[in-house]
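Worksheet for the structure shown next.
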Amino acid sequence: MHYDVNKVADLICNSKHAVALTGAGISTLSGIPDFRSPATGLWSRFSAETIFRIDHFYSQPEDFFSFAKEFIYTLADAKPSIIHNLLSLLQSKGLIRRVITQNIDTLHQKAGSQGVLELHGSPLKNYCVRCESCYSFDEMRTKINRDTIARCDKCQNIVKPDIIFFGELLHENVLQAAFNETEKSDCCIVLGSSLVVYPAASIPDMIKRNGAKLIIVNRDRTPYDSRADITLNMDLQSFGEELIDILKKRNIIGAS
Ligand code: CNA
């Protein structure tokens, strides 16, 4: 099949305010499973819909912590993928203004992206649900490697990572900043998202309502594919390699 990555380069290079919306698919390239890919997705091993439900977290916190021990507090070892690195490079060239992500793995920041809007929070901050004492990623990792439930040193209540569970509201300031950025943008590239989790999935709709350009690059189909200006149902590694080649040939990025 022929995928026209050249047209993606045209849209990004001709835009004045492009944003990227990323999902778990870009981090599968870094070895972090996503939710919805059939064979390797986390959902084939854990019921993420249950584990990430806030009521389940409070009623059976040990389920979340046994998952988190394996999948969240090991993230310190993960390395950014070609897509994380490319987005950081594009931002440094002024071609992407802002990255809005649904991911909680902090790989955009590791790649050097500035001002990343983390819609679903981050495990770098953890807090006691009662006295609000804060714990770092490393402190939390120590707790869950030692005990089945992470508990506050001061009041013994549960310590929760600052990530958004199903049934919780997103941080209003982050969501508003993401919507403001979307309103201003003339081009949005969605990378590695199934676009089924709201409110992130409302961003493509805002983009099209504003007459801006929408690009979707995702292996599986999404509900917004038919409304996008360009949809590439392809692997993100190949997409990243091809886009880098094109940008080098156009002398937009260096040859090294
Ligand atoms: P999702 O629903 O799991 O969808 C991921 C999409 O990526 C799927 O549609 C796949 O087709 C696609 N995909 C996977 N690998 C590739 C690849 N190599 N090339 C091209 N496409 C690929 O994930 P969303 O981000 O859309 O859903 C939002 C959830 C997932 C958020 O709440 C996240 O917090 C949550 N999540 C985050 C992480 C992470 O931080 N890395 C991991 C797993 C889940």
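Remarks
- At R0 = 35 Å, FRET efficiency that the Cβ-Cβ distance of Glu168 and Asn251 yields, to 0.05: 0.15
- Using alpha-carbon coordinates, inclination of helix 61-71 to the longest axis of the chain, degrees: 50 degrees
- Degrees separating the helix 236-249 axis from the principal Cα axis of the chain, which is the longest one: 40 degrees
- Based on C-alpha pairs under 8 angstrom that are at least 6 apart in sequence, segment 185-248 has a relative contact order of 32 percent.
- Sorted peptide list for 223-230, 23-30, criterion being average Cβ within 10 angstrom, highest first: 23-30, 223-230
- Candidates Ala18, Ala177, Ala150, ranked by Gaussian network fluctuation over the chain, Cα under 10 Å, top entry: Ala177
- This ranking places Ile82, Ile216 by how few other beta-carbon atoms lie within 10 Å of each, fewest first, which gives Ile82, Ile216.
- GNM flexibility winner over the chain from Asp77, Asp245, Asp34 (Cα, springs under 10 Å): Asp77
- If you run the Gaussian network model on the chain, springs between alpha carbon atoms under 10 Å, then out of Tyr73, Tyr198, Tyr127 the most flexible one is Tyr198.
- For the pair Glu139 and Lys93, a Förster radius of 30 Å applied to the C-beta separation gives a FRET efficiency near 0.20, rounded to the nearest 0.05.
- Neighbourhood charge, 12 Å Cβ-Cβ cut-off, centred on Ala20 and excluding it, Lys, Arg +1 and Asp, Glu -1: +1
- Net charge of the neighbourhood of Arg250, taken over other residues with C-beta under 14 Å away and scored Lys/Arg +1, Asp/Glu -1, is +1.
- Secondary structure note: in segment 88-222, about 55% of the DSSP beta bridges are antiparallel.
- Percentage relative contact order, the chain, counting C-alpha pairs under 8 Å, at least six apart: 23 percent
- Proxy reagent accessibility, fewest Cβ within 10 Å first, across Cys13, Cys188: Cys13, Cys188
- Out-of-range pairs (alpha-carbon distance over 28 Å; input Lys125/Lys213; Lys93/Lys184; Lys16/Lys208; Lys7/Lys93; Lys69/Lys213): Lys125/Lys213; Lys69/Lys213
- The alpha carbon radius of gyration of segment 211-251, expressed as a multiple of 2.2 N^0.38 Å, is 1.31.
- Rg/Rg_ref, segment 134-256, where Rg_ref = 2.2 N^0.38 Å and atoms are Cα: 1.46
- Ordering of 55-62, 208-215 by burial proxy (mean other Cβ atoms within 10 Å per residue, highest first): 208-215, 55-62
- Descending principal axes extents, the chain, alpha-carbon based, whole Å: 58, 37, 33
- Axis angle, to the nearest 10 degrees, between helix 137-146 and the longest C-alpha principal axis of the chain: 50 degrees.
Taken together, the values in this text are just the output of simple stated rules run on the coordinates, not laboratory data. Just so it is clear, the structure is predicted and the values come from calculations on it, not from any experiment. Every residue, glycine among them, receives a Cβ derived from its backbone with ideal geometry; neighbour counts consider all protein chains shown.
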